[in-house]
Structure formats: structure tokens, C-alpha cells
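*Asks:* Quick one: the structure is below, and I'll ask about it shortly.
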Amino acid sequence: LAGAVAGFLDDLFVAPDLRGGGVADTLIERLTQIGRERKWQVIRWITAENNYRGRSFYDRCATKTHWLTYEIRP
């Protein structure tokens with residue numbers, strides 16, 4: 001899982017006092033640039049279903065997939 005084909009963003013967090021100022025746009029733009037440099041075919045991430053503000057941003061900058069995430073905690 002060296003990220004040779006795809007990048008996976010584990011978390012995108014912007015401090016509450018900085019939200020709405022373009023910080024998330026800048027972070028996603030930089031991540032996209034890194035993806036191009038590394039020749040990734042896709043960049044993916046997950047977010048909480050109730051993260052309405054984040055999801056609103058993601059809906060503007062990315063395509064929502066049909067995948068759901070599952071986990072096992074042994």
C-alpha cells in the first residue's frame with residue numbers, strides 16, 4: 001500500500017476558526033497536485049455521514065462514490 005496507483009486521504013480537518021476561508025480548497029488543490037506528480041489514478045477519502053458541512057464541500061470538489069465502508073476491530 002505504497003500509494004503507487006491511488007492516494008487515500010485519511011482525514012481532512014480544518015480548525016473551526018479557519019473554516020470558510022478557503023483552507024480546505026487549498027489543501028485539496030495541493031493534494032490534487034501531489035496526485036498528479038505521483039501519477040495516481042484516483043484520490044479517495046471517507047467522511048462521516050453526519051459531516052454535512054464537509055460533505056457539502058466534498059460534493060463541490062469531488063465525485064461521491066457508491067461505496068460504503070465497513071470495519072472489524074479485533
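*Asks:* Find the relative contact order for the chain and round it to a whole percent, using C-alpha pairs within less than 8 Å whose residues are 6+ positions apart. The partial results should precede the final answer.
*Replies:* Values: 42 pairs, mean separation 28.5, N = 74.
This gives 38 percent for the chain.
*Asks:* If I compute solvent accessible area with a 1.4 Å probe over the protein chains, what percent of it on segment 6-74 is carbon and sulfur?
*Replies:* Exposed carbon and sulfur together represent 52 percent of the surface.
*Asks:* Give me D for the chain in µm² s⁻¹, whole number, from Stokes-Einstein with Rh from the Kirkwood sum over alpha-carbon pairs, 4 °C and 1.567 mPa s.
*Replies:* D = 94 µm²/s.
*Asks:* Run the dipole for the chain about the Cα centre, Lys and Arg Cβ at +1, Asp and Glu Cβ at -1, nothing else charged, and hand back the magnitude in debye, nearest 20.
*Replies:* 200
*Asks:* A further question follows. Counting other Cβ atoms within 10 Å, keep those with at most 10, restrict to DSSP loop, and tell me which trypsin sites (Lys or Arg not before Pro) in segment 18-74 are left.
*Replies:* Values: sites: Arg19, Arg30, Arg36, Arg38, Lys39, Arg44, Arg53, Arg55, Arg60, Lys64; in loops: Arg19, Arg38, Lys39, Lys64.
Sites meeting the loop and neighbour criteria: Lys39, Lys64.
*Asks:* Here is a follow-up. Would you please name the GluC sites (Glu not before Pro) within the chain that are DSSP coil residues with at most 15 other C-beta atoms within 10 Å of their C-beta?
*Replies:* In loop regions of the chain (DSSP not H, G, I, E or B), the sparsely surrounded GluC sites (Glu not before Pro) are Glu49, Glu71.
*Asks:* Non-local amide H neighbours of Ala6 (under 5 Å, H modeled in plane, Pro and chain starts lacking H): which ones?
*Replies:* Residues meeting the amide H criterion: Gln41.
*Asks:* Another one. Taking the Cα centre of the chain as the origin and placing charges on Cβ (Lys, Arg +1; Asp, Glu -1), which of Asn51, Val14, Leu68 is farthest toward the positive end of the dipole?
*Replies:* Farthest towards the positive end: Leu68.
*Asks:* Enumerate by residue number the chymotrypsin sites (Phe, Trp or Tyr not before Pro) in the chain meeting two conditions: DSSP loop (anything except H, G, I, E, B), and at most 16 other Cβ atoms within 10 Å of the site's Cβ.
*Replies:* Phe13, Trp67, Tyr70
The values are calculated or read from the model by the stated rules, or taken from the named source; none is laboratory data. Everything numeric in this text was worked out from a predicted model, so none of it was measured. Cβ: placed from backbone, ideal geometry, glycine included. Neighbour counts: every protein chain shown. Surface accessibility is based on the protein's heavy atoms, side chains included, excluding ligands, DNA and RNA. Shrake-Rupley method; radii C 1.70, N 1.55, O 1.52, S 1.80 Å.
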